[in-house]
1. Could you size up the charge dipole of the range 99-239 around its Cα centre, putting +1 on the beta carbon of Lys and Arg and -1 on that of Asp and Glu, and report it in debye to the nearest 20?
2. Residue-wise, which Karplus ³J(HN,Hα) couplings in Hz belong to the range 141-157, taking 6.51 cos²θ - 1.76 cosθ + 1.60, θ = phi - 60°, and x for glycine or proline?
3. Which pairs break 20 Å Cα to Cα here: K171/K210; K159/K238; K38/K90; K38/K94; K90/K171; K88/K175?
4. Taking 8 Å as the Cα distance limit and 6 or more residues as the minimum spacing, I'd like the relative contact order of the chain as a percentage.
5. Give me the net charge of D91's neighbourhood, meaning all other residues with Cβ under 14 Å from the Cβ of D91; Lys, Arg count +1, Asp, Glu -1.
6. Can you tell me the Rg and the Dmax, both Å, for the Cα atoms in the range 26-113?
7. If contacts are Cα pairs under 8 angstrom and at least 6 residues apart, what is the relative contact order of the range 84-174 in percent?
8. According to the square roots a ≥ b ≥ c of the eigenvalues of the Cα gyration tensor, what is the shape class of the range 121-187, taking rounded for a/c under 1.5, prolate for a/b larger than b/c otherwise, and oblate for the remainder?
Amino acid sequence: MTSDNQPGKSTDNIQSLPDRFVVAIDGPAGSGKSTMAKLLANRLDMVNIDTGAMYRAVTAIMLDAGLDPSDENAAETATSAITLHFEKSKDGQKTIVNGADFTARIRRPDVDSSVSVVSAHPGVRKRLVDIQRQMGASGRVVMEGRDIGSHVFPDADVKFYLGASDHTRAKRRVKDLTAQGAAITEESTLAGIRDRDRLDSQRATSPLVKPEGAVEMDTSDLTIDAAMEKMLETIFCKINRRSGGPVKS
Ligand code: DC
């Protein structure tokens, strides 16, 4: 997605957001979830929770300790011992793991290739889902991941399911990683993305699915502003309907 720098058309009114409000955004890697969750949370002054960063954090801790990502017991032990929180900074949101800044570490290619294995362990998922539910129990939260609308918050106020073509998703990933100085090809990135899609959607516990009631959006040819506009319209339409107010077109 690209930004066309046009101001949003929505006359969204943050004051009309209820005190507790959960927006769930699910979708595969590179579908634009993180970009949209971040922007939406900023725009609506909501807390942004990147659940993928949590699975990545456990993976990084295991790899740094020389543990095998497929070792379920080791993964559960690492997850139980972890302390994790997100911190706002002028460069965006930081992921703090066991007191250290893991923001860059969790985006490295070694984490990319092992995170689907770690996130398939039921014990890891159970512990992280507990934390996610605590984080979203009160307040206004935009939570993004693979199972938010289907499992973590099936009663989320608004659910989105984002998708994009494989090639678009690979291109986005190459752009992100190249900006970080990595030397990678689109071909290997595409293969990695397809591998992760397969593992994430075929695992036994809470696989990636389009949640019931989710608004589906293909972001392949959408600008960021157009995607934002659609999401804001969906959210405020829902709020207006609930409060019996005018429904925005
Ligand atoms: O969104 P991401 O690429 O940062 O996610 C990394 C991995 O974490 C992804 O391959 C699957 C897993 N994940 C998950 O299983 N459930 C979530 N709610 C979020 C991510």
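1. 460 debye
2. Ordered by residue, 3J(HN,Hα) equals 9, 9, 10, 10, x, 10, 9, 6, x, 8, 10, 5, 10, x, 9, 3, 5 Hz.
3. K171/K210; K90/K171; K88/K175
4. Working: 382 pairs, mean separation 82.5, N = 249.
Across the chain, relative contact order equals 33 percent.
5. Values: positive: K38, K88, K90, K94, R107; negative: E87, D101.
Once all neighbours under 14 Å are counted, the net charge is +3.
6. For the range 26-113, the Cα radius of gyration and maximum Cα-Cα distance read 13.8, 41 Å.
7. Details: 37 pairs, mean separation 9.9, N = 91.
Relative contact order for the range 84-174 comes out at 11 percent.
8. Note, shape of the range 121-187 comes out prolate.
Rule-based calculations on the coordinates, nothing more; no lab input. For clarity, every value in this text was computed on a predicted model and none was experimentally measured. With ideal geometry, Cβ positions are generated from the backbone for all residues, glycine too; neighbour counts draw on all protein chains shown.
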